[in-house]
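So the structure is just underneath, and the comments pick up after that.
The values are calculated or read from the model by the stated rules, or taken from the named source; none is laboratory data. If you're wondering where the values come from, they're calculated on a predicted model, not measured in any experiment. No Cβ is skipped: glycine too gets one built from the backbone with ideal geometry, and neighbour counts run over all protein chains shown.
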Amino acid sequence: MTYVAKPKLHHPTLPQNSLCYTRRDYEGKISTLCAGCGHDSISAAIIQACWELAVEPHRIAKLSGIGCSSKTPDYFLGQSHGFNTVHGRMPSVLTGANLANRDLLYLGVSGDGDSASIGIGQFVHAIRRGVNMVYIVENNGVYGLTKGQFSATADQGSTSKRGVVNADSPIDMVGLALQLGATYVGRSFSGDKQQLVPLIKGAIAHRGAAFLDVISPCVAFNNHAGSTKSYEYVRAHNDAVNRLDVIPTREEIAVDYGEGELVEVEQHDGSVLRLRKLDAGYDPRDRIAAMNIVQQRQAQGEVVTGLLYVDAESEDLHAHLSTDARPFNTLGARELSPGAAVLDKINASLR
Ligand SMILES: Cc1ncc(C[n+]2csc(CCOP(=O)(O)OP(=O)(O)O)c2C)c(N)n1
Ligand code: SF4
Ligand SMILES: [Mg+2]
């Protein structure tokens, strides 16, 4: 329970990262989610990724909406900045925070209800504007918090726990993100930490809108036969196109792979995304091909996972708007409020 505080004492032999922090330093409160909920595994993957990258916790801002998924930021990165918005409104609050201070790493955590139903208008504009962020949708196909109604990502023909058939067409968040211009797009499964942790690390290193659709089974309302978001269904239909390693700098590359099995993409910060191909013909630098394969495999009932698309030349909203690089909290009163004369000049220039 959240009122049970975690002990602060660390065992002295716990492994530490380059900042001398243990994984415990990236944890949050004790989770109140149902035992076995996929969302808890995603929280564990976020903790692992931030610990491995040795991100300073005070450099991260985690934002969410409303839902079981949106509660999870309470359970990780307890020493980071946090903002729990109104249902579906996380993207605009994140966009504003990012514009005010580009020095933080923005982590948006949401659910399929939060982002594909009530918040879809917010989601699409944050993605198409290229806000520099890691946007994770913890996708279980239902509104878990309000007791399991179908969400907009539930597959047509899938059944609820009580046997009701979903007649509506699903929204595919990955297809949407690709179409909207996201520059880093991945899909993963909460039960595959080996795949998910590097995808999150790559997204953190990426400059621009990085989107991750993570299938995350709801054990209370959507883990039965007939659901396409259950542990069993996703394990049986998981079609990974590649496996990702994130190498912090080019020098550190040590592993040997056979020729033709690798794609390497260098990101702005010098980190290298090293992709081992599982699908020989798949090139994650081709947006149209990514859109095609996602649609084709989906029609066959498969769940395509991995790093589906990356644009190494990506730009973010600040570059589009040519904003001042200085965070607002470093500016003085005169710069933030330059007075009526300056405002008159701006107005005159627009007449
Ligand atoms: C404005 C508003 N409308 C409706 C609700 C009720 N509500 C709370 S959470 C939720 C859906 C959450 O679903 P999802 O984002 O998929 O999260 P999950 O619980 O499945 O992780 C709804 C409809 C609300 N809190 N606020
Ligand atoms: S209701 Fe579903 S989504 Fe919510 S905590 Fe329980 S298993 Fe997770
Ligand atoms: Mg949901």
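Restricting attention to the stretch 52-90, report how many residues are part of a loop (DSSP other than H, G, I, E, B) and either within 16 Å of ligand 3 (Cβ to nearest atom) or under 23 Å from Tyr143 (Cβ atoms) (or both). Final tally of qualifying residues: 8.
Residues in the stretch 260-276 that are of a type in the set (Asp, Glu) and within 13 Å of Lys201 (Cβ to Cβ): 1 in all.
Within the option set Gly181, Gly202, Gly226, Gly191, being at positive phi and in contact with a Ser or Thr (Cβ under 9 Å, 6 or more places away or on another chain) holds for one residue only, Gly226. When restricted to residues that are surrounded by 10 or more Cβ atoms within 10 Å (Cβ to Cβ) and over 12 Å from Pro57 (Cα atoms), the stretch 5-21 contains 5. Considering the stretch 210-239, and only residues there that are among the charged types (D, E, K, R) and away from ligand 1 (no atom under 16 Å from the Cβ), the residue that is surrounded by the most Cβ atoms within 10 Å (Cβ to Cβ) turns out to be Asp239. Counted as qualifying within the stretch 237-351 are the strands (runs of 3 or more DSSP E) with 1 or more residues that are in contact (Cβ under 8 Å) with a residue 60 or more places away in the chain, namely 238-240, 242-247, 272-277, 303-310. For the stretch 297-351, a tally of residues being among the acidic types (Asp, Glu) and within 30 Å of Gln194 (Cβ to Cβ) returns 4. List pairs: first in the stretch 135-159 and touching a residue at least 24 places away in the same chain (Cβ under 8 Å) and more than 8 Å from ligand 1 (Cβ to nearest atom), second of a type in the set (Phe, Trp, Tyr) and assigned to a loop (DSSP other than H, G, I, E, B), Cβ under 9 Å, 6+ apart or cross-chain? From residues that are touching a residue at least 24 places away in the same chain (Cβ under 8 Å) and more than 8 Å from ligand 1 (Cβ to nearest atom), the pairs are Lys147/Phe221; Gly148/Phe221.
Rundown of residues vs (1) in a helix (DSSP H, G or I); (2) away from ligand 2 (no atom under 16 Å from the Cβ), yes/no style:
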| position | (1), (2) |
| --- | --- |
| Leu14 | no, yes |
| Ser18 | no, yes |
| Leu33 | no, no |
| His39 | yes, no |
| Ile42 | yes, no |
| Cys50 | yes, yes |
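Let's see how each residue does on (1) touching an Asp or Glu at 6+ places or on another chain (Cβ under 8 Å); (2) without any contact (Cβ under 8 Å) to a residue 40 or more places away in the chain:
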site: Gly163; (1), (2): no, no
site: Pro170; (1), (2): yes, yes
site: Val174; (1), (2): yes, no
site: Gly181; (1), (2): no, no
site: Cys218; (1), (2): no, no
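Only a single criterion out of (1) within 16 Å of ligand 1 (Cβ to nearest atom); (2) more than 22 Å from Asn329 (Cα to Cα); (3) in contact (Cβ under 8 Å) with a residue 40 or more places away in the chain is not satisfied by Pro91, namely (2).
I'd like to know if the stretch 65-72 contains one or more residues that are modelled with pLDDT of 95 or more, under 18 Å from Gly202 (Cβ atoms), crowded, with 21+ Cβ neighbours inside 10 Å and within 16 Å of ligand 1 (Cβ to nearest atom). No, because not a single residue in the stretch 65-72 is modelled with pLDDT of 95 or more, under 18 Å from Gly202 (Cβ atoms), crowded, with 21+ Cβ neighbours inside 10 Å and within 16 Å of ligand 1 (Cβ to nearest atom). Could you tell me how many of the residues in the stretch 281-322 are within 19 Å of Asn139 (Cβ to Cβ), hydrophobic (A, V, I, L, M, F, W, C) and under 20 Å from the mean Cα position of the chain (by Cα)? Going through the stretch 281-322 one residue at a time, the tally reaches 7. If the condition is being within 14 Å of ligand 3 (Cβ to nearest atom), of a type in the set (Val, Ile, Thr) and within 19 Å of the chain's Cα centre (by Cα), then the stretch 135-182 contributes Ile136, Val137, Val142, Thr153, Ile171. With respect to the conditions (1) in contact with a Cys (Cβ under 6 Å, 6 or more places away or on another chain); (2) modelled with pLDDT under 95, Ala220 lacks only one, and its number is (2).
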